[in-house]
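Engineer: Have a look at this one before I ask anything.
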Amino acid sequence: MLKMKAACECCNVPLSLTGQAFICSFENTFCADCAEQFRQVCPNCQGDLVLRPSRRSSPTQVAKSGFKAKLEKILP
Ligand SMILES: [Zn+2]
Ligand SMILES: [Zn+2]
């Protein structure tokens, strides 16, 4: 599961789970302002910074209502 870091690694500004944030493949996390400053390139690994998917429910909620749970209901 993706680690949802709560603050920008550069300027330490708080990042909400549903707000805009940018991550690289190593899960370095930056706010939109810093990502723009770095021109969408991670300063730690030189990888691409991409928009982080937002998370709107907790992992336990997802486990209960997830696709797999539905599948188990349908199958005998
Ligand atoms: Zn920042
Ligand atoms: Zn990186």
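The values are calculated or read from the model by the stated rules, or taken from the named source; none is laboratory data. Everything quoted here is computed from the prediction, not taken from an experiment. Glycine also receives a Cβ, built like all others from the backbone with ideal geometry; neighbour counts cover every protein chain displayed.
Engineer: Picking from C34, C24, which residue would you name as being in contact with a Leu (Cβ under 6 Å, 6 or more places away or on another chain) and within 16 Å of ligand 1 (Cβ to nearest atom)?
Structural biologist: Going through C34, C24 in turn, the sole match is C24.
Engineer: Sort out for me the helices (runs of 4 or more DSSP H) sitting completely within the chain that have 2 or more residues that are surrounded by 12 or more Cβ atoms within 10 Å (Cβ to Cβ) and at pLDDT 95 or above.
Structural biologist: So the answer is 32-37.
Engineer: Being touching a Lys or Arg at 6+ places or on another chain (Cβ under 7 Å), among the hydrophobic types (A, V, I, L, M, F, W, C) and closer than 19 Å to K5 by Cα narrows it down to one residue among F30, F38, F26, F22; which is it?
Structural biologist: Among F30, F38, F26, F22, only F22 is touching a Lys or Arg at 6+ places or on another chain (Cβ under 7 Å), among the hydrophobic types (A, V, I, L, M, F, W, C) and closer than 19 Å to K5 by Cα.
Engineer: Which pairs do you get when a residue that is more than 15 Å from F38 (Cβ to Cβ) and touching a residue at least 24 places away in the same chain (Cβ under 8 Å), found in region 1-25, comes within reach of a residue that is within 16 Å of ligand 2 (Cβ to nearest atom) and of a type in the set (V, I, T), reach meaning Cβ atoms under 6 angstrom, with the pair 6+ apart or on two chains?
Structural biologist: K5/T29
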